[in-house]
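Q: Structure provided below as structure tokens; questions to follow.
Computed from the coordinates by the stated procedures, all read-outs in this text should not be read as laboratory data. Source: prediction; values computed, not measured.
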Amino acid sequence: MIGAIAEAGNYDPICMDSSILLNGNFGGTSSTITWASSVGGTFVDATDPNTEFTPPLGFIGTLTLTITTDDPIGSCGDTSDTVDIVVLPEGEINSLTDLEFCSTDLTSEISFSSPNTSFTTNFDWVIDTTIGLAPLSGTGNIPSFETENLTINPITATVTVTPIIVSGSAMCPGPPEIFTITVNPTPIVSDSTL
């Protein structure tokens, strides 16, 4: 005789303060199930194998969900299955300093880093003003470029960098870091004897 069957499912990591739709399953001689979490949190309906689960606010790390069947009629007892779910933190980026160049300077690569070395962090950046770099957005470090300012006044570009922790299908952005790049115009030498 087939006894109770319970399957907790498999899941990619999720971001902190987000929810996940569970894909549990049960069968055999069982007729109901109940979900439980090792760290608390909230199930929309703990008796639904495909319910939505939200970890506790601010939780980061690995939690274990357990799906347990009822005790069916007969000699076979209840059964359970567990699954671990990784909850990722939001992305972090180390502070950045403002930069200043003269027009036609060749910059070094502008590198970004994160204090969180336990996970892979991508950096999406956007520059709001043309200062010689194209395109005005990208991912990773900002490559070396030749600055350009064809005006007679300094041009200040604002750079917004968003750190994003990536694991499996999860992409967890954190607060952006903002810094500026100022490009001064090329000095003009006038001949006072003319």
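Q: By how many nm would the segment from S111 to T160 lengthen if fully extended, with 0.36 nm per residue of separation less the alpha-carbon distance? Walk me through the numbers before you get to the answer.
A: Details: separation 49, 0.36 × 49 = 17.64 nm, distance 1.34 nm.
In short, 16.3 nm is gained.
Q: Between region 93-172 and region 1-71, how far is it from one alpha carbon centroid to the other, in angstrom?
A: 41
Q: If you don't mind, another one. Over the chain, calculate the relative contact order: mean separation of alpha carbon pairs under 8 Å at least 6 apart, over the residue count, as a percent. The partial results should precede the final answer.
A: Working: 499 pairs, mean separation 38.9, N = 194.
It rounds to 20 percent for the chain.
Q: A further question on this structure: Dividing the alpha-carbon Rg of the chain by 2.2 N^0.38 Å yields what? If you can, show how the numbers build up before the last one.
A: On the way: Rg = 27.3 Å, N = 194, 2.2 N^0.38 = 16.3 Å.
Compared with the compact-globule rule of thumb, the chain sits at 1.68.
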